[in-house]
Amino acid sequence: MPAATARVVLIGPPAAGKSTIGRLLGDRLGIPFTDTDAMIVAAHGPIAEIFRTRGEARFREIEREVVRRALRRLLDRPGVVSLGGGAILNSGTRAQLKHPAIKVMSIEIDEETASARLHGSHRPLLADEDPVERWKALAEERRPLYESVATATVSASNDPPSTVVNRVVDVLTGLQRAENYAKFAAEDEAAGDADGGYAEDGQRTVADDTDADDTEGSDEA
Ligand SMILES: Nc1ncnc2c1ncn2[C@@H]1O[C@H](COP(=O)(O)OP(=O)(O)OP(=O)(O)O)[C@@H](O)[C@H]1O
Ligand SMILES: O=C(O)C1=C[C@@H](O)[C@@H](O)[C@H](O)C1
Ligand SMILES: [Mg+2]
């Protein structure tokens, strides 16, 4: 995965590992990492406090502004951005995530994994009698939104962060290869070589050095 072109956004439900994986991925690719929840906290104080004193609606406005800036900056230079679990509730954010230069990785976990990670959670939306049930409802409700913007989905249940990062890098590498191939094919076609150097029966029509040795009747031993 060439880091010079990597523009990656991690989405997913609370406790999926977006912040953990995002930081490690940025280190791995040698590109800046941004966590929009951390940006909100730096500018406005603890998220639980914002929910308590100003309400969720105001939190979502603040979040939208922070996310808008982070995603705009991502178009200027490569980077990894981890969003808060509910950032995709905003339609403007979902529209920004559709930019073709941005690869959106949806990090998924199952209920058991969430349950193991939610102990002692200070997440205001999960401050419920049964945080795991609340998490399940949130994850289920938001699933169509995560899916609507995801370039790919990566499972993060039962595996250590390093394995999840490897998985994300593999997906990004595959996407990059597919893009390079599509670009090559388009350039090839534009150059008027629509058959890509192959005749309809699959035989090479463009000679190269490798073919020379295999040619029947070649003088070489
Ligand atoms: N692959 C993993 N294996 C084990 N523990 C993990 C893994 N990924 C993250 N964790 C742990 O799970 C907890 C939640 O991770 P993290 O804060 O990265 O999730 P998040 O998706 O950013 O959550 P939030 O929506 O609250 O921002 C942390 O304690 C983290 O250390
Ligand atoms: O899922 C959510 O709606 C939230 C997730 C966190 O990342 C924070 O952005 C905040 O607690 C809201
Ligand atoms: Mg996080």
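Going by accessible area, probe 1.4 Å, with all protein chains left in place, what is the ranking of HIS122, HIS44, largest first? List each step's numbers first, then the result.
Details: HIS122 160, HIS44 70 Å².
Descending accessible area places them as HIS122, HIS44.
Segment 147-162 and segment 1-46 have Cα centres lying 14 Å from one another.
Farthest toward the positive end of the dipole of segment 46-193, out of GLY85, ALA57, ALA114, is the Cα of ALA57, where the dipole comes from beta carbon charges about the Cα centre. The residue list HIS44, PHE184, ALA150 was ranked by how far each Cα lies along the charge dipole of the chain toward its positive end, using unit charges on Cβ atoms, and HIS44 comes out on top. For TYR181, the solvent-accessible surface with a 1.4 Å probe is about 150 Å², rounded to the nearest 10. Here SER115 sits with roughly 40 square angstrom of accessible surface, probe radius 1.4 Å.
With kT/(6 pi eta Rh) evaluated at 20 °C and eta = 1.002 mPa s, and Rh the Kirkwood radius from Cα pairs, segment 3-178 diffuses with a coefficient of 131 µm²/s according to Stokes-Einstein. Per-residue surface analysis assigns ARG167 an accessible area of about 80 Å², computed on protein heavy atoms at 1.4 Å probe radius.
With charges only on Cβ, +1 for K and R and -1 for D and E, what is the dipole size of the chain about its Cα centre, in debye, rounded to 20? Please list the in-between numbers first.
Working: 27 positive and 38 negative charges, 501 e Å.
With Lys and Arg at +1 and Asp and Glu at -1, about 2400 debye.
A Förster radius of 22 Å, combined with the Cβ-Cβ distance separating ARG68 from ALA38, puts the computed FRET efficiency at roughly 0.85. Full extension of the chain between ASN166 and SER115 gives 16.0 nm of extra length, using 0.36 nm per residue less the Cα-Cα distance. Taking 21 Å as the straight-line reach from the Cα of LYS183, the lysines in range (excluding those fewer than 8 positions away in the same chain) are LYS98, LYS103.
Carbon-plus-sulfur accessible fraction, the chain (probe radius 1.4 Å, protein heavy atoms only): 50%. Note on ASP27 and ALA182: the model spin-label points, each 7 Å out from Cα along the C-beta direction, lie 3.3 nm apart.
What is the packing order of peptides 93-103, 77-87, taking the mean over residues of other C-beta atoms within 10 Å and listing the highest first? All intermediate terms of the calculation are to be shown ahead of the outcome.
On the way: 93-103: 16.1, 77-87: 22.8.
So the peptides 93-103, 77-87, ranked by packing, come out 77-87, 93-103.
Computed with a 1.4 Å probe over protein heavy atoms only, the accessible surface of the chain comes to 56 Å² per residue. Here the spin labels are modelled as points 7 Å beyond Cα on the Cα-Cβ line, and at ALA3 and THR153 they lie 3.1 nm apart. Considering only VAL41, VAL164, VAL66, the mean-square fluctuation computed in a Gaussian network model of the chain, springs between alpha carbons under 10 angstrom, is largest for VAL41. Figure note: ARG7, ARG73 ranked by solvent-accessible area, largest first, 1.4 Å probe, ligands and nucleic acids not counted: ARG73, ARG7.
The values are calculated or read from the model by the stated rules, or taken from the named source; none is laboratory data. As the structure is a computational prediction, the values presented were derived from the model and not from experiment. Don't worry about glycine lacking a Cβ; one is built from the backbone with ideal geometry, like all the others, and counts go over all protein chains shown. Areas reflect the complete protein model, heavy atoms only, side chains present, ligands, DNA and RNA absent. Shrake-Rupley method; radii C 1.70, N 1.55, O 1.52, S 1.80 Å.
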